[in-house]
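Read through the structure below, which is laid out as structure tokens, and then see the notes.
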């Protein structure tokens, strides 16, 4: 990351000259004070301040978990966490970006692991050090019950781990705050992988569709599409069947 | 009757037969068990340091979970480690308001210190009653079981905090075993240590303790040992399995047999049980 002071200066002056109502706030990034526009997310504020982010940034939509960030706000002793693309800046906010938090991932191939009760202990024995302080849950930007899926992992309950950790973005904030030095999100990933490998029912419609493709059901259609030019393709694309969002049937539990 | 049920980690992993047999006998005795969802470990042991409240967080959170699930129900546990830890935590937090306030600052929901923690054998004694159990049992079936009741260290101690039975002269296990028709042996070594957690890093200590215990059991002409503790069960069955000709049972397995539940549903090998039962006819 490097500062581009010139851009910062020009940007600020541009805004000031064109719109006098623009409001600015102070943020402290890595200890240094910056004046940035009010109402930006942390990520945008950093870019506004002139930083070019190459790591610690990803989809900008709150899905990839790459932009985990820690910060403190004015007058509060507590450390807060969030995704930089989703968290709005406040005046006198102290922050830093975490490009990556060191966490070693166990090496395994899904076909070779055995779904026994000590599955998690074999690859991540440190989960037994859990103090049950619940800090991992308090920092999780997805509000997952991290401590309880670690408890399920201690018992070897693969399906519960997969269930409780399903929305994990792998941002690594849990691992950054754990006093027992557990790497929760890797444990959860092992759980979800072994769940889908050993416990989930194989999806029948997928194998059916693969069979259809292999038997050449769609060959003619694709060949005719290949021959079309761009304009004709655009017409077909705009006229395609779109399933209206409201009419999607609610998902039923398959038990 | 309804009970909240905290199985703890072992009852879902190494001591499944304990969990299984409990659920079977509760079905027979009309006890509805409501399992606490997504529980954590209780911590395993009550902390030895008096001022380190952080270690009380885990058991306190389980008590809070029980209080949230249903404040009017008793919380039942089976594993003696869980029972001891939860009960002592409750005792400390009930007695010491200052400690409770400090700990409540760290919990997501404050603990009101009103949950009652019970062991299943306590439910048998106080709520169901030995008379009912005696009436429902096929008492002749268990004549061949010359049982040495084994309390271990944690079920009764410390007496003023646990308040289950006298810590030197208890009778709670014996009374239950009499009620279901076992041949109970006066067993003076019922509090001896099985080696406990030494099995993790110094297994030779646990081996020595367990084998000694089994030798005594043999001297007292018992053919089986009955316990409430998954760790005692683990140590004794691990180190005494081949050298000694007898069985170790969980108390619930024997109660289940007496209530006429099939051995296989109690996590027992039917062949072994048949041996015990035919023995009794020979004697």
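The values are calculated or read from the model by the stated rules, or taken from the named source; none is laboratory data. Keep in mind it's a predicted model, so treat the numbers as computed, not measured. Positions of Cβ are backbone-derived with ideal geometry, glycine not excepted, and every protein chain shown enters the neighbour counts.
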Residues in region B:37-59 that are part of a loop (DSSP other than H, G, I, E, B), within 8 Å of chain A (Cβ to nearest Cβ) and out of contact with any strand residue (DSSP E or B) (no Cβ under 7 Å at 6 or more places or on another chain) total 4
Examine region A:71-89 for a residue that is under 20 Å from the mean Cα position of the chain (by Cα), more than 29 Å from residue A:153 (Cβ to Cβ) and modelled with pLDDT under 90, and state whether such a residue exists.
no
Evaluate the following for residue B:64: is it within 12 Å of chain A (Cβ to nearest Cβ) and closer than 30 Å to residue B:135 by Cα?
no
Restricting attention to region A:100-110, report how many residues are farther than 28 Å from residue A:83 by Cβ and either modelled with pLDDT under 85 or out of contact with any helix residue (DSSP H, G or I) (no Cβ under 9 Å at 6 or more places or on another chain) (or both).
1
Of those in region A:136-168 that are more than 10 Å from every other protein chain (Cβ to nearest Cβ) and in a helix (DSSP H, G or I), the residue surrounded by the fewest Cβ atoms within 10 Å (Cβ to Cβ) is A:159
Counted residues, region A:115-132 - those being outside any helix (DSSP H, G or I) and modelled with pLDDT of 90 or more:
2
Residues of region B:75-101 being buried (at least 19 other Cβ atoms within 10 Å of the Cβ), assigned to a helix (DSSP H, G or I) and away from chain A (no Cβ under 14 Å), in sequence order, are B:80, B:81, B:83, B:84, B:87, B:88, B:90, B:92, B:93, B:100
Go through region A:50-84 and give me each residue that's in a loop (DSSP other than H, G, I, E, B) and within 21 Å of residue A:166 (Cα to Cα).
A:58, A:59, A:60, A:61, A:62, A:63, A:64, A:65, A:66, A:67
Going by the structure shown, is residue A:69 free of Cβ contacts under 8 Å to residues at least 40 places away in the same chain and surrounded by fewer than 18 Cβ atoms within 10 Å (Cβ to Cβ)?
no
Selection count where residues are in contact (Cβ under 8 Å) with a residue 12 or more places away in the chain and outside any loop (DSSP other than H, G, I, E, B), scope region A:169-211
21
Where residues in region B:215-246 are part of a loop (DSSP other than H, G, I, E, B) and out of contact with any helix residue (DSSP H, G or I) (no Cβ under 8 Å at 6 or more places or on another chain), which of them is farthest from residue B:151 (Cα to Cα)?
B:242
The listed residue being modelled with pLDDT of 90 or more and either farther than 30 Å from residue A:79 by Cα or within 14 Å of chain B (Cβ to nearest Cβ) (or both), out of A:215, A:203:
A:215
What single numbered condition from (1) without any contact (Cβ under 8 Å) to a residue 12 or more places away in the chain; (2) under 30 Å from residue A:161 (Cβ atoms); (3) exposed (fewer than 15 other Cβ atoms within 10 Å of the Cβ) fails to hold for residue B:72?
(2)
Return the only residue of A:112, A:90 being closer than 24 Å to residue A:25 by Cβ and assigned to a loop (DSSP other than H, G, I, E, B).
A:90
Restricting attention to region B:1-36, which residues are buried (at least 21 other Cβ atoms within 10 Å of the Cβ), within 14 Å of another protein chain (Cβ to nearest Cβ) and assigned to a helix (DSSP H, G or I)?
B:8, B:9, B:10, B:11, B:19
Would you check which residues across region B:109-134 are within 14 Å of chain A (Cβ to nearest Cβ) and either in a helix (DSSP H, G or I) or out of contact with any helix residue (DSSP H, G or I) (no Cβ under 8 Å at 6 or more places or on another chain) (or both) and list them?
none
Is it the case that residue B:178 is within 29 Å of residue B:259 (Cβ to Cβ) and either under 18 Å from the mean Cα position of the chain (by Cα) or assigned to a helix (DSSP H, G or I) (or both)?
yes
Restricting attention to region B:247-280, the residues that are part of a helix (DSSP H, G or I), touching a strand residue (DSSP E or B) at 6+ places or on another chain (Cβ under 8 Å) and at pLDDT 85 or above number exactly 2
Answer residue from region A:86-127, given it is surrounded by 13 or more Cβ atoms within 10 Å (Cβ to Cβ) and within 14 Å of chain B (Cβ to nearest Cβ) and is nearest to residue A:40 (Cα to Cα) among those
A:127
